[in-house]
Ligand SMILES: Cc1cc2nc3c(=O)[nH]c(=O)nc-3n(C[C@H](O)[C@H](O)[C@H](O)COP(=O)(O)OP(=O)(O)OC[C@H]3O[C@@H](n4cnc5c(N)ncnc54)[C@H](O)[C@@H]3O)c2cc1C
Ligand SMILES: Cc1cc2nc3c(=O)[nH]c(=O)nc-3n(C[C@H](O)[C@H](O)[C@H](O)COP(=O)(O)OP(=O)(O)OC[C@H]3O[C@@H](n4cnc5c(N)ncnc54)[C@H](O)[C@@H]3O)c2cc1C
Ligand code: SF4
Ligand code: FES
């Protein structure tokens, strides 16, 4: 920080302390950029891209909050964190207090501060951003949440556990929803076991979202906390096959079950060439890369992954961005992101789109693959795309992409990654008679996350369709409350 | 939870049978199902292996595997008392077993391992079992006694004639199909080309044929799509829709190409491994 900056920072802090900092002064503080690894450096490593605020940056950013009376940001947060007060506490320099406020509603602050789509949630409603009519001018609530959470990451704030109730709760799936349910039910004194199909816990946070966006060590810390609280964890346990939900309840003595198995079934486009060697679902690509550390192939990891030169990724969501950026990190020279609408409609977080572009991902918008072409060894050689234009708005309110006839053209690639979304895995539907599903295969629940089977609750992506970490956590809280209530009376 | 190896023996040059502790899987598994095994948590591949047998009382399952690459070579080096880090299962749809009448069971090489529990199940359901088992050469024939015990008829063939009849499995298969009373069902498990040619053979005679596909897998739960195959023009996931399919509908050519996707990288991993641990005789 330059000397003059340092001086004005000190002045601002002084005024903040005395309570004399005026709103007009607050509004003049520029939004604090998030320090990040340089694009050219980071695309060659898997370390985290965003580095986190320094103390000064955090205080300055927090001082931008005008502490408006109605605090609309709170409405924008799915778990209703008392944002106004926690940001105020950071501006005052009381991070401990900020952490306590966040923890009233949020158990995974370090995660959500990193991966929440803040610009369409809390920050979309921020008065400061609205005043500038620019969401990027909003107070960076997520970054502040991360700042505080990281500061207390190693602090042992293990919550108190109520006396043992002797009741058993099974949590199926160790994603964010499952983690929250396990924590809250354990706190109420129940005997909780998490069952996870993979050999490592954490759900999409460990096998899907890449290390450079969400370090796995953070997720592991949350899991460690649960273990310390006395939650049992059984990995390599596929509910529906190893044991069924019915068996858990009727034979193994679990009085309540939370199903949080996520949206695990990759969608394909059903176009010609999708079976060719070199075509991946994003799930496969990311799992090989993240969970199984294919980026360390040859340095210990056994799981191979294509060594691609030119990669096409189909889709425009977070999953597509993660796949594209992972491909770069695995050594691809050229990565194309092919999306059939325009950039404004892309569902990915703005920050991730921005990061992907900085790293050199080439965005091909208003285009869509028609078929994938192979060579004589059935390896991907190219994709044939069609150009699109935007027509009338469809049911989703977004303008419908319409193909332009005769606009076919080819892009040479050796790898194609399909990242167009995930559906519900049919396994539980096949093996849990009596459990109601909707037509997309998602579990039906009421407002309390209760399913059609007594004692069985569900939440997260298996209920909502592919959603977000914070929404899964929100449902986990509701489900845990219902379960604790149910076990009290039962 | 690590799974202790309680028994190990070598069946042929590169084929090993191990019995490992896995109580939950032992009591839940049915013929035709498989597990996914990881030797260590941090870096291992997850490899699919058929459950060749199980003892629910002892809480153990039997795996029979061929050391072909890095992970299976590493497994071959484990001894009784050592542990496998993780095993998940049972996975996949169990074999559809009922009384069909006469069933011809065709096994090639390591394919005999997954075939055995299926043949056993079919026998117990009252079927007449005609078994044909084959391999490249004498040393690679496995489980002959086990098949003898449950078959009404058994033919052993080798490619080079070093043992049994000198023929490919398709030859006796064709003869069985040409008999007056043709079999009601064929089950063929082995290398992909073998299954392909078995299916071409039985198709001529309209004998419904079940094959068990061994595609490359990662999660084994329907999450990655890596195991996908084309069956009857549709995309199917071997791990959840299979591993058994109507062999007359499988696009074997495409499957074989997909299986070779990682050949070079797999060789590299194996070479690196052998540099460190060269005590097993994988190279010949
Ligand atoms: C690549 C990618 C990027 C994403 N980026 C973001 C982002 O930036 N921000 C954001 O908010 N959200 C993001 N998401 C979405 C977010 O990760 C999910 O919405 C969230 O993780 C869902 O949580 P969940 O609790 O439903 O369970 P999941 O995280 O889906 O976990 C479910 C767990 O259950 C296990 N399981 C499944 N079936 C069984 C079974 N039968 N028995 C036992 N265990 C089982 C699975 O192995 C898995 O571990 C992203 C998703 C992906 C794939
Ligand atoms: C449902 C299922 C059941 C199986 N059951 C058995 C079994 O009971 N016994 C057994 O020995 N093997 C079985 N396999 C095959 C076994 O999974 C592979 O041999 C193993 O994954 C190879 O791992 P590796 O690291 O040692 O070799 P890799 O280094 O991965 O591969 C070495 C060579 O094997 C080929 N290969 C890779 N994966 C497979 C595969 N899935 N199937 C066949 N060839 C492959 C590669 O193309 C390469 O040429 C089964 C496969 C499936 C899908
Ligand atoms: S949890 Fe998400 S939405 Fe809520 S305040 Fe934090 S970043 Fe915003
Ligand atoms: S192995 Fe991943 S979907 Fe079958």
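The values are calculated or read from the model by the stated rules, or taken from the named source; none is laboratory data. For clarity, every value in this text was computed on a predicted model and none was experimentally measured. Positions of Cβ are generated from backbone atoms using ideal geometry, with glycine treated the same way; all protein chains shown enter the neighbour counts.
Those residues that are more than 30 Å from the chain's Cα centre (by Cα) and either assigned to a strand (DSSP E or B) or surrounded by fewer than 13 Cβ atoms within 10 Å (Cβ to Cβ) (or both), I need them from the stretch A:373-384; list them, please.
A:373, A:374, A:376, A:377, A:379, A:380, A:381, A:382, A:384, listed by residue number.
Step by step: first the residues of the stretch A:263-280, then only those that are at the interface with chain B (Cβ under 9 Å from one of its Cβ atoms) and touching a helix residue (DSSP H, G or I) at 6+ places or on another chain (Cβ under 9 Å), then the one that is surrounded by the most Cβ atoms within 10 Å (Cβ to Cβ). Which residue is that?
Per the stated criteria, the residue is A:280.
So that you can scan it fast, the table gives a plain yes or no per residue for (1) more than 14 Å from chain B (Cβ to nearest Cβ); (2) within 16 Å of ligand 3 (Cβ to nearest atom); (3) assigned to a loop (DSSP other than H, G, I, E, B); (4) touching a strand residue (DSSP E or B) at 6+ places or on another chain (Cβ under 7 Å):
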| site | (1), (2), (3), (4) |
| --- | --- |
| A:434 | yes, no, yes, no |
| A:441 | no, no, yes, yes |
| A:462 | no, no, no, yes |
| A:466 | no, no, yes, yes |
| A:488 | yes, no, no, no |
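Since residue B:51 meets every condition but one in (1) within 18 Å of residue B:219 (Cβ to Cβ); (2) within 11 Å of another protein chain (Cβ to nearest Cβ); (3) crowded, with 18+ Cβ neighbours inside 10 Å, which condition does it not meet?
(2)
Of these, B:10, B:93, which one is within 13 Å of chain A (Cβ to nearest Cβ) and either farther than 23 Å from residue B:169 by Cβ or crowded, with 22+ Cβ neighbours inside 10 Å (or both)?
It is B:93.
Could you list, in sequence order, the residues of the stretch A:14-30 that are part of a loop (DSSP other than H, G, I, E, B) and loosely packed, with under 14 Cβ neighbours inside 10 Å?
Within the stretch A:14-30, A:19, A:20, A:22, A:30 qualify.
Can you find even one residue in the stretch B:261-268 that is assigned to a loop (DSSP other than H, G, I, E, B), at pLDDT below 90, within 21 Å of the chain's Cα centre (by Cα) and closer than 22 Å to residue A:282 by Cα?
Yes.
Could you identify the single residue in B:42, B:79, B:98 that is within 12 Å of another protein chain (Cβ to nearest Cβ) and either touching a residue at least 24 places away in the same chain (Cβ under 8 Å) or outside any strand (DSSP E or B) (or both)?
Step by step, each of B:42, B:79, B:98 is checked, and only B:42 is within 12 Å of another protein chain (Cβ to nearest Cβ) and either touching a residue at least 24 places away in the same chain (Cβ under 8 Å) or outside any strand (DSSP E or B) (or both).
Name every residue in the stretch A:205-234 that is in contact (Cβ under 8 Å) with a residue 60 or more places away in the chain and within 14 Å of another protein chain (Cβ to nearest Cβ), in order of residue number.
Passing the criteria: A:206, A:207, A:208, A:211, A:216.
Anything in the stretch A:98-125 that is more than 8 Å from ligand 3 (Cβ to nearest atom), part of a loop (DSSP other than H, G, I, E, B) and in contact with a helix residue (DSSP H, G or I) (Cβ under 7 Å, 6 or more places away or on another chain)? List them, or say none.
Within the stretch A:98-125, A:107, A:108 qualify.
Can you go through B:22, B:26 and tell me which one is at the interface with another protein chain (Cβ under 10 Å from one of its Cβ atoms), more than 16 Å from ligand 4 (Cβ to nearest atom) and within 24 Å of residue B:222 (Cα to Cα)?
Only one candidate passes the filter, namely B:22.
Determine which member of the set A:420, A:478 is part of a helix (DSSP H, G or I) and either touching a residue at least 12 places away in the same chain (Cβ under 8 Å) or farther than 27 Å from residue A:279 by Cβ (or both).
Residue meeting the stated conditions: A:478.
Any residue at all in the stretch A:249-268 that is at pLDDT below 95 and in a strand (DSSP E or B)?
Yes, because at least one residue in the stretch A:249-268 is at pLDDT below 95 and in a strand (DSSP E or B).
What about residue B:132, is it at pLDDT 90 or above, surrounded by 20 or more Cβ atoms within 10 Å (Cβ to Cβ) and outside the structural domain of residue B:239 (by the TED database)?
No, not satisfied.
Can we say residue B:106 is more than 8 Å from ligand 2 (Cβ to nearest atom), outside any loop (DSSP other than H, G, I, E, B) and within 17 Å of residue B:154 (Cα to Cα)?
Judged against the criteria, residue B:106 is a match.
Does residue A:33 meet the test of being within 16 Å of ligand 1 (Cβ to nearest atom), out of contact with any helix residue (DSSP H, G or I) (no Cβ under 7 Å at 6 or more places or on another chain) and either assigned to a loop (DSSP other than H, G, I, E, B) or more than 14 Å from chain B (Cβ to nearest Cβ) (or both)?
No; evaluated as a whole, the condition is false for this residue.
Can you tell me which residues in the stretch A:45-67 are part of a loop (DSSP other than H, G, I, E, B) and under 23 Å from the mean Cα position of the chain (by Cα)?
A:45, A:46, A:47, A:48, A:49, A:51, A:52, A:53
Say we look at the stretch B:211-247 and pick out the residues that are assigned to a helix (DSSP H, G or I) and more than 13 Å from residue B:192 (Cα to Cα); which of these is nearest to the other protein chains (Cβ to nearest Cβ)?
B:240
Hey, could you check the stretch A:138-168 for residues that are crowded, with 16+ Cβ neighbours inside 10 Å and in a loop (DSSP other than H, G, I, E, B) and say which is farthest from ligand 4 (Cβ to nearest atom)?
Among them, the one singled out is A:139.
Of the numbered conditions (1) surrounded by fewer than 18 Cβ atoms within 10 Å (Cβ to Cβ); (2) in contact (Cβ under 8 Å) with a residue 40 or more places away in the chain; (3) more than 25 Å from residue B:144 (Cβ to Cβ), residue B:23 satisfies every one except a single condition; which is it?
(2)
Among the residues of the stretch A:169-188, is there at least one that is more than 19 Å from residue A:260 (Cβ to Cβ) and surrounded by fewer than 19 Cβ atoms within 10 Å (Cβ to Cβ)?
no
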